[in-house]
Amino acid sequence: GPDQNYVGDIAILVTTKTFTISQRVQPVCVDWGSNSVNELSNLSSSSYGYVTGWGFTSENANPSEELKELRVPLITYDQCSQNLPEDYEIYLTYDKFCAGYLDKGVGICKGDTGSGLVLKHKDRYYITGIVSLSPGTPTGGCDSQQYGLYTSVDKYKEEFILDKVSRFKPEGTGMDR
């Protein structure tokens, strides 16, 4: 949380039931290092990801009733730190990166936290970030004129994700490295 600057803002949900894959429910891949997604996610100015969520669509609105998708550019650390509001610089920790737009009026908002940011590579989607937080307005709303901060999945895939997932790997699913 905010007391820890949102370091480690990541979780894994383990269920006892299986999901039925459909047009609305799709798996996302984790890049274990063999698919060149790491090269794509080196946050070059030409890298774009997709974030989806049920969050608020304007400051005084209710959460969205339909899943929204936004294509966002990945932002370099230097560009992000130069443009983040001063009171949000403390949240740009070693495990965060920025994505989104400045002054475009679109971005992540309340209700989107925990959503994934994915990169598409060779017709597959790879989880790259988890929505962590974004700057707010003086009235407590979302500032859609600012970058959003995302927890980097890459920073946690070996010591956290692989460790947790390997404990619950269902038999016969083909889940392997």
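Tabulated results
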{"read-out": "Ranked by how many other beta carbons lie within 10 Å on average, peptides 121-131, 158-168 from highest", "value": "121-131, 158-168"}
{"read-out": "Projected label distance in nm at Ile90 and Glu69, using a 7 Å step from Cα toward the beta-carbon", "value": "3.8 nm"}
{"read-out": "Extended-chain gain in nm, criterion 0.36 nm per residue less alpha-carbon gap, Val28 and Thr15", "value": "3.1 nm"}
{"read-out": "Spin-label model distance (nm) - Asn83 vs Asp3, 7 Å beyond Cα toward Cβ", "value": "3.4 nm"}
{"read-out": "Rounded to 5, percent antiparallel among DSSP beta bridges of the chain", "value": "95 percent"}
{"read-out": "Peptides 146-153, 87-94, 14-21, 103-110 ordered by average Cβ neighbours within 10 Å, highest first", "value": "146-153, 103-110, 87-94, 14-21"}
{"read-out": "Residue-count net charge about Ser81 - beta-carbon cut-off 15 Å; Lys, Arg +1, Asp, Glu -1", "value": "-4"}
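Bear in mind these aren't lab numbers, they're just calculated from the coordinates by the rules spelled out. Everything quoted here is computed from the prediction, not taken from an experiment. As a convention, Cβ positions derive from the backbone with ideal geometry for all residues, glycine included, and neighbour counts pool all protein chains shown.
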